[in-house]
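The values are calculated or read from the model by the stated rules, or taken from the named source; none is laboratory data. These figures come from a predicted structure and were not determined experimentally. Quick reminder, even Gly has a Cβ in these numbers, built from the backbone with ideal geometry, and neighbours come from all protein chains shown. We work out accessible area using only protein heavy atoms, side chains counted, and drop any ligands, DNA or RNA first. Shrake-Rupley method; radii C 1.70, N 1.55, O 1.52, S 1.80 Å.
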Amino acid sequence: MENQKEFPLPPAYEPKNVEDRWYQEWEKSGLFKASADSTKPAFCIVAPPPNVTGSLHMGHSLTYTLQDLVTRFKRMRGFNTLWLPGTDHAGIATQNVVEKELKKEGKTRHDLGREAFVERVWEWKEKYGAIITRQLRKLGASCDWTRERFTMDEGASKAVQQVFITLFNEKLIQQDYYLINWCPRCQTALSDIEVEHKTTQGNFYHIRYPFVHDPSDGLEVATTRPETLLGDTAVAVHPEDDRYAGLDGKSVNLPLVNRRIPIIMDTYVDKEFGTGVVKITPAHDFNDFAVGNRHKLPRVNILNPDGTLNENAGDYKGLTVQDARKKIVEDLEAKGLLLKVEPHEHNVGHCYRCGTVVEPYYSKQWFMRMKPLAEEALKAVADGRTKFVPDHFRGEFEKWLNNIQDWCISRQIWWGHRIPVYTCGACLAQVAAAESPKACPNGHEGRLEQDPDVLDTWFSSGLWPFSTLGWPAKTKDLALFYPTSVMVTSWDILFFWVARMMMMGLKFMGEVPFREVYLHSLVADAEGKKMSKSKGNVVDPLNLIEQYGTDALRFTLTSIETKQRYVSLTPQKLESSRNFVNKLYNATRFVLMGLSDGTEVKALESEELSQLKLEDSWILTRLFQTVEEVTADYEKYRVAELSQTLYRFVWNEFCDWYLESIKYRLYAETNSAEKKLAASVVVTVLDGVLRLLHPVMPFVTEELWHKLPGRTESIMKASWPSPLDYIRNEQSVIDFGFLQEVVTAVRTSRSELNVPPSAMLKISTLGSRVEFMPGHPKTILFKNLCRVSEVNRIETGRPTKTAVAVVSGGELYLHLEGLIDIKAEAAKQQRERQKLEKYIQSIQGKLANEQFVKNAPEELVEGEKAKMTEAKEKIYRIDHNLKFLDN
């Protein structure tokens with residue numbers, strides 16, 4: 001029976017028995033907390049605040065894995081590290097959730113009134129708002145939870161008020177009529193990021209707009225939204241379109257409305273597309289709004305806030321957009337003005353929360369002037385105060401800022417930061433203030449009314465890097481950690497959040513909010529498609545954690561993060577990562593089993609270095625090189641590269657080669673000189689491996705760390721490995737590399753010739769390096785790795801009944817007599833060769849079929865070619881073997 005002394009670790013790794021236990025210990029021990037120690041270099045990340053309504057999704061998982069990876073790395077490097085977490089109040093999303101609850105009770109928010117409704121939302125937040133932060137703990141996020149913030153807590157609210165008041169007084173925030181995205185269901189303005197564009201099957205409706213001067217003729221206009229013609233105030237053609245020469249200054253009659261509207265000339269029109277005629281509806285199309293401004297066209301709004309048509313729609317008043325569209329098409333057809341209808345697939349904006357079609361809507365909103373702030377952000381990037389990883393995002397950032405538009409910051413909901421502007425009912429004077437002014441600035445009596453709108457959620461999150469550190473108060477955290485070190489987030493919110501944080505930080509702190517911006521990929525499904533609920537391809541990371549363990553999920557996400565726009569998550573990659581976690585666990589268990597007899601294990605001392613065997617010098621040198629390489633990758637956010645480097649080192653070099661090489665020493669007599677030296681080296685290497693892997697796989701490394709001799713404190717408190725901790729013997733890498741070549745050649749020949757694994761080989765060498773001469777110390781290692789009983793050096797000629805393995809500088813002859821039935825093996829390989837030839841012929845037949853090559857997917861054709869290449873390589877190896885078997 002196994003017992004704890006002999007078996008320090010259970011036979012199999014069970015993440016569930018490890019992860020929660022260690023996370024609770026880390027948090028309880030205060031290991032995530034930053035200090036006020038200004039003598040240590042400061043490192044700070046503020047976490048992108050997830051919505052309080054949210055639950056962990058793959059986007060969060062990648063972002064927080066990468067942030068945790070960087071944070072744990074810097075913590076081990078000796079930085080005073082602050083990873084500051086928090087959540088976003090998510091105005092529209094949270095209000096929708098609570099309104100749905102009220103609907104079940106037969107109520108609306110208007111039944112409660114504003115104050116009572118906001119209280120109800122706060123109650124919901126207190127009850128459910130921590131779900132996402134509990135899930136982030138499952139992911140292993142080592143945030144300083146003692147500093148957790150919320151975008152509507154007291155400190156953040158003060159920051160929002162002060163920023164708004166300052167910008168208002170500087171006339172950078174003003175109220176005006178403008179075209180915005182409007183959700184009829186939520187009845188609020190939306191930011192661009194809150195509009196989800198979906199491919200929709202619709203129609204192009206070709207409508208004749210009769211000339212005023214000749215009603216029997218007219219212009220043919222194609223539109224996907226015929227109901228908006230009720231708000232048309234012009235039709236436009238390109239000034240260089242010869243088809244419409246002479247029409248400038250003339251007019252058409254607006255169908256069904258019989259309102260006279262002008263024909264205008266504008267280069268916005270694409271004369272090569274469709275009929276080259278565009279209807280202009282300034283109050284319901286963003287491009288038309290710009291055209292209307294250039295030509296000073298009136299703006300006719302035909303919509304009510306609930307999405308029905310208003311009094312400007314005439315006979316269609318009160319209809320929904322869809323009902324109006326149907327009725328208008330019928331009426332156009334009845335009047336002979338509908339020329340044709342063509343199917344047309346196009347992108348239609350939908351509210352990302354409720355799925356309602358979003359309407360461009362002309363309304364009075366609060367806007368923030370962005371160009372003055374953008375200029376400072378552009379300068380900061382130009383002079384290198386903030387750098388982008390990958391660098392190509394800098395160009396996109398600069399292009400967007402150079403073309404930036406004013407920002408609609410008001411939302412027509414109740415949950416959020418209410419706009420701190422008060423208006424006098426008598427003279428309409430407006431005052432921005434933290435509390436209601438007692439009197440109108442112009443001396444009118446009566447209470448001033450506060451604006452009913454709230455601020456866009458992105459307004460408060462734009463202040464995140466400094467509001468979370470205590471601004472506007474001059475706190476120690478603000479002095480110590482601002483500017484923050486790096487912002488890690490996905491590329492899709494570069495403009496909506498990163499750019500706004502840049503502008504706000506420069507405006508109110510006089511310095512950039514972060515020195516680096518690392519924009520990572522978005523996680524797609526196994527087929528490379530973006531995950532969305534509508535497609536049904538969303539993967540729940542909590543289910544993956546349950547199935548594979550947190551470390552396997554984190555390692556997968558890290559290894560696929562190649563800084564592309566989208567990266568694919570597949571079950572195969574997750575299984576590979578789980579296998580890697582298990583490989584590390586089993587390797588550690590193998591080592592600890594060898595040490596369970598009480599053999600003394602101590603740190604390598606200088607006098608022992610001269611006693612190192614080839615395999616010891618090689619693995620310590622390779623660890624030296626790996627530390628150098630991986631440390632540089634961590635610093636440069638090359639996370640896929642560092643993951644693969646660590647994978648290869650642990651799996652291939654440490655487990656497959658080094659542990660195999662020292663097996664006979666590790667399990668030798670207790671406290672023998674050979675065993676003690678092997679134990680010291682293997683524990684040194686395993687110690688380094690666990691520290692290198694800890695930022696990526698925190699749980700299994702913490703668990704295994706405590707099983708190593710003498711480890712009592714958390715691995716989080718261990719220092720980062722330095723190459724100087726290990727020897728550097730380049731010659732050992734060359735020598736062991738040759739040994740690997742020889743061993744691989746022998747093992748390959750054994751496998752191809754079906755020599756039983758248990759059989760001991762005799763080998764003769766010709767021209768091979770001196771290391772493998774009989775009696776040489778390194779021959780012992782070679783024999784152990786290849787199951788070789790005897791090695792003899794010959795001067796010339798190949799012995800009979802042998803197979804040859806060609807290596808650098810010579811040949812090795814494997815004596816086969818007595819190990820296999822040579823004739824039977826030759827016949828078997830001949831039969832396999834014939835099967836492969838038929839297989840190749842069948843593939844060649846497919847590839848010779850022009851229809852197959854033309855119609856089959858490219859990956860299928862390439863797959864067939866790859867199969868044929870593989871089969872030809874097998875035939876080559878069989879022919880190679882038959883030469884020896886026939887001899």
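Computed log10 I(q)/I(0) for the range 15-54 at 0.28, 0.32 Å⁻¹: -0.92, -0.98, from the Debye equation with unit scatterers placed on every C-alpha and solvent omitted.
Give, as ranges by residue number, the residues of the range 212-230 whose backbone N falls under 20 Å from the point 7 Å along Cα→Cβ of Gln405. Under 20 Å, as judged by backbone N against the label point of Gln405, lie 224-225, 228-229 of the range 212-230. The tail of the calculated P(r) for the range 384-442 beyond 15 Å holds 70 percent of all Cα-Cα pairs.
Annotation: peptides 83-96, 233-246, ranked by per-residue average of other Cβ atoms within 10 Å with the highest first, follow the order 83-96, 233-246.
Computed from the C-alpha gyration tensor, the three semi-axes of the ellipsoid equivalent to the chain are 67, 39, 22 Å, from longest to shortest. Out of every Cα-Cα pair that the range 42-87 contains, those further apart than 14 angstrom amount to 52 percent.
Normalised by the number of residues in the range 449-565, the mean separation of alpha-carbon contacts (under 8 Å, six or more apart) gives a relative contact order of 22 percent.
Rolling a 1.4 Å probe over the protein chains gives Thr645 an accessible area of about 10 Å². Express the carbon and sulfur contribution to the solvent-accessible surface of the chain as a percent, rounded to the nearest whole number, probe 1.4 angstrom. Within the chain, the accessible surface is 49 percent carbon and sulfur. Of the residues Phe580, Phe496, ranked by 1.4 Å probe accessible area with the largest first, the sequence reads Phe496, Phe580. Remark: the range 667-674, residue by residue, has Karplus-estimated 3J(HN,Hα) of 10, 7, 4, 3, 6, 5, 4, 5 Hz, where x stands for each Gly or Pro and the curve is 6.51 cos²θ - 1.76 cosθ + 1.60 at θ = phi - 60°. Shown here is the pair-distance distribution of the range 204-278: with all Cα-Cα distances grouped in 10 Å bins from zero up to the longest one, the shares run 20, 58, 22 percent.
Shape summary: the range 517-616 maps onto an equivalent ellipsoid whose semi-axes, from the alpha-carbon gyration tensor, are 42, 17, 10 Å in decreasing order. The loop-placed GluC sites (Glu not before Pro) in the range 573-617, going by DSSP, that have at most 11 neighbouring Cβ atoms within 10 Å of their Cβ come out as Glu605. In the assembled protein chains, Val806 presents an accessible area of approximately 90 Å² (probe radius 1.4 Å). Relative to the longest principal axis of the Cα atoms of the chain, helix 777-786 runs at roughly 60 degrees.
Computed over the range 787-887, the Cα gyration tensor eigenvalues convert (square root of 5λ each) into semi-axes of 39, 16, 10 Å, ordered from largest to smallest.
Over all other residues within a Cβ to Cβ distance under 13 Å of Val431, the charged ones net out to -1, with Lys and Arg as +1 and Asp and Glu as -1. Straight Cα distances below 28 angstrom link Lys838 to the lysines Lys823, Lys828, Lys846, Lys854, Lys865, Lys867, Lys872, Lys874, Lys883, with same-chain residues fewer than 8 positions distant left out.
Report for the chain the percent antiparallel among DSSP-assigned beta bridges with both residues inside it, nearest 5. The antiparallel proportion sits near 70 percent. Neighbours of Tyr667 by Cβ distance under 10 Å: Lys/Arg scored +1, Asp/Glu scored -1, total +1.
A simple packing score, the average count of other Cβ atoms within 10 Å per residue, orders the peptides 627-640, 713-726 as 627-640, 713-726, with the highest score first. The percentage of C-alpha pairs in the range 63-146 whose separation is greater than 18 Å is 55%. Rolled with a 1.4 Å probe across the full set of protein chains, the surface gives Arg578 an accessible area near 80 Å². Rolling a 1.4 Å probe across the protein heavy atoms gives the range 611-650 an accessible surface of 31 Å² per residue. Each peptide in 814-824, 33-43, 501-511 gets a packing score, the mean of other Cβ atoms within 10 Å over its residues, and the list from highest to lowest is 501-511, 814-824, 33-43.
What is the helix-to-structure angle for 19-28, meaning the angle in degrees between its Cα long axis and the longest Cα principal axis of the chain, kept from 0 to 90 and rounded to the nearest 10? Result, in degrees: 70. Projected onto planes of every orientation and averaged, the convex hull of the alpha-carbon atoms in the range 158-282 covers 11.8 nm². For the range 391-522, a Kirkwood hydrodynamic radius built from all Cα pairs, placed in the Stokes-Einstein relation at 25 °C and 0.890 mPa s, yields a translational diffusion coefficient of 143 µm²/s.
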